[in-house]
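Below: the structure, in structure tokens.
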Amino acid sequence: MSTAEEIEDAIRALPDKEREKLIQDLPSLLPELNAEAAWSRIIRDPRPRPALTALGDAIEAQLKAKPEALPEIRDSDFDRPS
């Protein structure tokens, strides 16, 4: 059994209260779980990404040509159906 499997088994054996605490602590133990930090690194990365730039330019051109294709989001769009 690998160390990772042992850790997984130990986590599964934790009482609910301890699992909740672990959930809170995991981002500090595993910084790669912090999605905000990961996106921040991606955004700040200075390397060019021509394919992504081309895709963004194409989407922008489509929206300029036909803005109604992507209507503005309204608050009511986030209302839950009753």
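The values are calculated or read from the model by the stated rules, or taken from the named source; none is laboratory data. Remember, it's a predicted structure, so these values are computed and weren't measured experimentally. Note that we place each Cβ from the backbone using ideal geometry, even for glycine, and neighbour counts take in every protein chain shown.
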Subset of region 46-56 [surrounded by 10 or more Cβ atoms within 10 Å (Cβ to Cβ) and not polar (S, T, N, Q)]: Arg49, Ala54, Leu55, Gly56
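Let's see how each residue does on (1) touching a residue at least 60 places away in the same chain (Cβ under 8 Å); (2) surrounded by 10 or more Cβ atoms within 10 Å (Cβ to Cβ); (3) within 20 Å of the chain's Cα centre (by Cα):
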residue: Asp9; (1), (2), (3): no, yes, no
residue: Asp16; (1), (2), (3): no, no, no
residue: Gln24; (1), (2), (3): no, no, yes
residue: Pro27; (1), (2), (3): no, yes, yes
residue: Ala35; (1), (2), (3): no, no, yes
residue: Arg44; (1), (2), (3): no, no, yes
residue: Ala58; (1), (2), (3): no, yes, no
Might you check whether a residue that is modelled with pLDDT under 90 and charged (D, E, K, R) occurs anywhere in region 55-68? yes
Restricting attention to region 1-39, and to residues there that are part of a loop (DSSP other than H, G, I, E, B) and of a type in the set (A, V, I, L, M, F, W, C), which single residue is modelled with the highest pLDDT? Leu14
